[in-house]
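One structure is given here, and the rest of the page talks about it.
No value in this document is a laboratory result; all are computed from the given coordinates. Quick caveat, the model's predicted, so the values are computed rather than measured. All Cβ positions, glycine included, derive from the backbone under ideal geometry; neighbour counts span all protein chains shown.
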Amino acid sequence: MELMKPFATQNGEVVDLRSDTVTKPTIEMREAMANAVVGDDRYHEDPTVAELEAYYAELVGKEAALFVPSGTMANQVAMRTWTSPGDVVLAGARQHVLQYERMGSAINSGVQIVPVRDDRGTLSVRELEEQRDIFQFLGLPVKVVCVENTHMPAGGVPIGLEVLKEIRSLFPEAKIHMDGARLFNASVATGIEPSEYAQHVDSVMSCVSKGLGAPVGSLLGGSKEFIENAWKERAILGGQMRQAGVLAAAGLVALQSMRDRLAEDHRRARKLAKAIAARYGLEVLDPDSVQTNIVVFSHPDPEAFLTHLSQADVLGGSVAPGYVRLVTHKDVDDEMIDRTIVAISKAP
Ligand SMILES: *Cc1c(COP(=O)(O)O)cnc(C)c1O
């Protein structure tokens, strides 16, 4: 245990609000990793991977699940599983699958993602309907609709169940894929069970490597048949792992014991949002709009803002031109938030 301490406290004084991906595995995770029973997952012989997959499948109310190295791969595997080259996919213009995967869907699946407006995190149902009809008319019925929950660029906004139901009824034939990288943040914030969200979609993915604190990995859930096909697509993308139980063990701890505490991150993000509103005004950021762990606001010079923060040992980031993003997570405590708020109060 002595050896583990330097790792666990590596962050030291720096307040790292760049992303919730920077979280370090807990001591409990490290112990679970050291003690994990493993086998070659290519031969379905890793019991810890199997346990993690079953646990996630149960949480999201799906028949089966697949452990993959990253959230990006989960989205890419889902896309390859649901589509053939030339298919039409609809997604929010600012969603991860469209903007942040280096056009992977075009490369790996040969599909065209048609963007619809998602300014405040919610897909425009009117535009979805419009695109549905246009491509239907052209003899290219929409194959997949992607939703993101929580929606990252809009500031971690959980998707509304009503919108989700509406999308389902607009697309009875298409597959709906939920990029639920932060599905558990959504669930904790709204009280809506992950399975309640997931029952309206055909496939769902979540990261254990973000706010839940595991070092590596994401899960993709769906029907048994979908997961059997996804298994092959994961292999094609090079994501077939061997004694992955070492990683899955940390993922299990993440899913079993790290979900409820996300509420703390949400409370701290709201505190940051209030400080932003106090400094720049409610037009820049309405603190009530911050429901989970992501604070996004427009700033005329994000670089200047972030440089100012870094001088106080606070790190933030930017995900689009003219926007600052601050993300809370388990390795940021109240004292660190207070220090950040002082820095914000004097920021340019
Ligand atoms: C982080 C993220 C992903 C991708 O996960 P990685 O593990 O970083 O590849 C996908 N979608 C959303 C919304 C994300 O925030």
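Taking the Cα centre as origin and putting +1 on Lys and Arg beta-carbons and -1 on Asp and Glu beta-carbons, what dipole magnitude results for the chain, to the nearest 20 debye? Each step should come with its number before you reach the end.
On the way: 35 positive and 47 negative charges, 96 e Å.
I would put it at about 460 debye.
Most fluctuating residue of G191, G251, G213 in a GNM of the chain with Cα springs under 10 Å: which is it?
G191
For the chain, modelled as a GNM with alpha-carbon contacts under 10 angstrom, which of F135, F67, F297 fluctuates the most?
The residue that fluctuates most here is F135.
Choose one of S124, P287, Y323: the residue whose Cα lies farthest towards the positive end of the charge dipole of the chain (beta-carbon charges +1 Lys, Arg; -1 Asp, Glu; about the Cα centre).
The Cα lying farthest towards the positive end belongs to Y323.
Using amide H atoms built in the peptide plane, which far-off residues or other-chain residues are under 5 Å from Y323 H to H?
Sorted by chain and number, the residues that satisfy this are H299.
Counting Lys and Arg as +1 and Asp and Glu as -1, what is the net charge of the other residues whose Cβ lies under 11 Å from the Cβ of H200?
Charge balance near H200 sits at -2.
Neighbouring Cβ atoms within 10 Å as the yardstick, rank L52, L140, L164 fewest first.
Ordered by Cβ neighbours within 10 Å, fewest first: L140, L164, L52.
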